[in-house]
There are 2 protein chains.
Amino acid sequence: MTTAAIPGYTYGTETVAKSPISMEDFELIKKTVLFTEEDEKYLHLAGEVLQDRVEDVLDVWYSFVGSHPHLIRYFSTPDGKLIEEYLMAVRKRFGQWILDTCQRPYDRDWLNYQQEIGLRHTQEKKGQTDHVQSVPHIGLRYMIAFIYPITATIKPFLAKKGNSSEEVEKMYQAWFKSIVLQVTLWSYPYAKQGYF
Amino acid sequence: MTTAAIPGYTYGTETVAKSPISMEDFELIKKTVLFTEEDEKYLHLAGEVLQDRVEDVLDVWYSFVGSHPHLIRYFSTPDGKLIEEYLMAVRKRFGQWILDTCQRPYDRDWLNYQQEIGLRHTQEKKGQTDHVQSVPHIGLRYMIAFIYPITATIKPFLAKKGNSSEEVEKMYQAWFKSIVLQVTLWSYPYAKQGYF
């Protein structure tokens with residue numbers, strides 16, 4: 001699937017929010033999660049491993065969300081009716097996000113898109129991209145808490161292309177760092193003025 | 001060291017902040033990080049492994065902070081002068097926090113203390129416990145970003161008491177879940193009204 005075929009996927013376009021974070025501040029956050037060029041290399045390798053298994057990864061994540069009423073409500077109307085087309089529209093972008101995490105350079109466009117992703121989970125933009133009336137936002141609690149399942153569940157997939165256990169571990173650590181880095185960036189629009 | 005000998009360590013006392021999070025909402029966050037009774041069991045085991053190595057763990061973390069100017073500033077005056085006694089006072093509580101993470105039941109007292117810990121990093125309470133004039137707060141960015149180093153660096157220590165690699169992995173996963181859980185709770189006072 002080309003990215004042009006993904007509705008609402010606006011990476012690199014003029015409509016994307018501008019991140020208020022400077023490249024200097026971004027570098028300091030990267031240093032704090034110990035993110036280095038070696039991690040970029042192993043994320044690229046992870047992208048090669050994961051690119052044929054994106055749907056399988058999404059099956060695991062959607063099954064996790066689908067089995068928890070307190071999570072599936074974020075794809076539902078305020079009175080609790082699941083919005084199937086919303087679930088599917090987000091799924092396409094979620095798949096592309098896996099590839100972007102591994103393959104995109106973490107430059108200004110990438111940083112801006114993290115701000116956009118953050119905003120799309122808040123009261124400012126939730127549901128707007130897909131023109132749906134869902135619950136008003138996903139609280140910061142679940143944005144941070146998701147670091148665990150989104151990290152832990154990826155490891156078995158990284159081992160599926162015959163890489164050495166050392167390579168799998170390095171891909172996994174690079175993924176873990178990237179997830180923490182991204183959730184950090186997504187939290188910006190949740191924070192009180194001056195608290196980020 | 002008994003906890004009574006740790007200045008500013010107020011766990012379970014009347015002076016601790018009250019968490020605004022209900023036990024029901026707390027259970028949902030625990031479910032989201034896949035935290036179960038098995039994790040409690042392995043955290044207890046981790047406590048047995050780590051209790052004699054608390055100072056070694058702190059040495060690693062303090063070395064990490066000390067080697068990064070953008071982190072050591074949080075133990076410094078606003079004009080950049082390190083406050084040694086502040087560094088040492090926090091260190092004692094940090095050591096106790098390792099043990100609390102492993103040994104305390106995650107009940108209402110524990111939940112309240114997470115709110116207290118969160119507040120002590122924000123503009124509301126930073127520096128008050130130790131009566132120091134440091135920078136006004138630690139931004140949400142570093143609270144979340146620290147999930148990575150505080151998790152990744154613990155693993156070698158968990159392997160130091162001869163437990164099987166399976167046990168070490170389970171202790172490590174339980175620790176990882178607990179860190180994500182705690183940072184989630186610490187983020188409450190950073191979030192805009194209604195955004196947590």
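The values are calculated or read from the model by the stated rules, or taken from the named source; none is laboratory data. Everything quoted here is computed from the prediction, not taken from an experiment. Reconstructed Cβ throughout: ideal geometry from the backbone, glycine too, with neighbour counts over all protein chains shown.
Give me a count of the residues in segment A:58-117 that are free of Cβ contacts under 8 Å to residues at least 40 places away in the same chain, among the aromatic types (F, W, Y) and farther than 28 Å from A:E48 by Cα.
Counting residues in segment A:58-117 that are free of Cβ contacts under 8 Å to residues at least 40 places away in the same chain, among the aromatic types (F, W, Y) and farther than 28 Å from A:E48 by Cα gives 0.
Would you mind stating whether A:K160 is surrounded by fewer than 17 Cβ atoms within 10 Å (Cβ to Cβ), farther than 27 Å from A:K41 by Cβ and of a type in the set (D, E, K, R)? Spell out how you get there, then give the answer.
On the way: surrounded by fewer than 17 Cβ atoms within 10 Å (Cβ to Cβ): yes; farther than 27 Å from A:K41 by Cβ: no; of a type in the set (D, E, K, R): yes.
No; evaluated as a whole, the condition is false for this residue.
Scan segment B:34-53 and give yes if some residue there is away from chain A (no Cβ under 14 Å), at positive phi and either outside any loop (DSSP other than H, G, I, E, B) or in contact (Cβ under 8 Å) with a residue 40 or more places away in the chain (or both), otherwise no.
No - not one qualifying residue is present in segment B:34-53.
Test B:I29 against the stated conditions and say whether it is in contact (Cβ under 8 Å) with a residue 24 or more places away in the chain and within 27 Å of A:R141 (Cα to Cα). Spell out the reasoning first.
Numbers: in contact (Cβ under 8 Å) with a residue 24 or more places away in the chain: yes; within 27 Å of A:R141 (Cα to Cα): yes.
Against the criterion (in contact (Cβ under 8 Å) with a residue 24 or more places away in the chain and within 27 Å of A:R141 (Cα to Cα)), B:I29 qualifies.
Going through segment B:162-184 one residue at a time, which ones are among the hydrophobic types (A, V, I, L, M, F, W, C) and either within 23 Å of B:L111 (Cα to Cα) or in contact with a Gly (Cβ under 6 Å, 6 or more places away or on another chain) (or both)?
Within segment B:162-184, the subset among the hydrophobic types (A, V, I, L, M, F, W, C) is B:168, B:171, B:174-176, B:179-181, B:183.
Matches in segment B:162-184: B:M171, B:A174, B:W175, B:F176, B:I179, B:V180, B:L181, B:V183.
B:L111: farther than 29 Å from A:D25 by Cα and within 14 Å of another protein chain (Cβ to nearest Cβ), yes or no? Talk me through it step by step, then tell me what you get.
Numbers: farther than 29 Å from A:D25 by Cα: yes; within 14 Å of another protein chain (Cβ to nearest Cβ): yes.
Considered against the rule, which asks whether it is farther than 29 Å from A:D25 by Cα and within 14 Å of another protein chain (Cβ to nearest Cβ), B:L111 comes out as yes.
Testing B:G194 on (1) touching a Lys or Arg at 6+ places or on another chain (Cβ under 7 Å); (2) not in a helix (DSSP H, G or I), one condition comes back false. Which one is that?
Just one mismatch for B:G194, condition (1).
Looking at the structure I just gave you, is B:R73 among the basic types (K, R), more than 15 Å from B:L181 (Cα to Cα) and modelled with pLDDT of 95 or more?
Working: among the basic types (K, R): yes; more than 15 Å from B:L181 (Cα to Cα): yes; modelled with pLDDT of 95 or more: yes.
Taking the combined requirement at face value, the residue satisfies it.
Do we have B:Y86 as within 14 Å of another protein chain (Cβ to nearest Cβ) and either part of a helix (DSSP H, G or I) or among the hydroxyl-bearing types (S, T, Y) (or both) here?
Details: within 14 Å of another protein chain (Cβ to nearest Cβ): no; either part of a helix (DSSP H, G or I) or among the hydroxyl-bearing types (S, T, Y) (or both): yes.
No.
Mind listing whichever residues of segment B:118-128 are surrounded by 18 or more Cβ atoms within 10 Å (Cβ to Cβ) and either touching a residue at least 60 places away in the same chain (Cβ under 8 Å) or within 18 Å of B:A5 (Cα to Cα) (or both)?
The answer is B:G118, B:L119, B:H121, B:T122.
Checking B:Y106 against (1) of a type outside the set (D, E); (2) in contact with a helix residue (DSSP H, G or I) (Cβ under 8 Å, 6 or more places away or on another chain); (3) part of a helix (DSSP H, G or I): exactly one of these is not met. Which one?
(3)
Test of understanding: among B:V49, B:V57, which residue is surrounded by 17 or more Cβ atoms within 10 Å (Cβ to Cβ), under 30 Å from A:Y142 (Cβ atoms) and of a type in the set (A, V, I, L, M)? I'd like the intermediate steps shown before the answer.
Details: B:V49 fails: under 30 Å from A:Y142 (Cβ atoms).
Unique residue meeting the criteria: B:V57.
Being in a helix (DSSP H, G or I) and either polar (S, T, N, Q) or within 12 Å of chain A (Cβ to nearest Cβ) (or both) is the requirement here; does B:S63 meet it? Quick ask: steps written out before the conclusion?
Details: in a helix (DSSP H, G or I): yes; either polar (S, T, N, Q) or within 12 Å of chain A (Cβ to nearest Cβ) (or both): yes.
So B:S63 passes the test.
Which of the residues that make up segment B:180-189 are assigned to a helix (DSSP H, G or I), facing another protein chain (nearest Cβ under 9 Å) and not aromatic (F, W, Y)?
B:V180, B:L181, B:V183, B:T184, B:L185, B:P189
Would you mind finding the one in B:V168, B:V135 that is surrounded by fewer than 20 Cβ atoms within 10 Å (Cβ to Cβ) and either part of a loop (DSSP other than H, G, I, E, B) or at pLDDT 95 or above (or both)?
Numbers: B:V168 fails: surrounded by fewer than 20 Cβ atoms within 10 Å (Cβ to Cβ).
It is B:V135.
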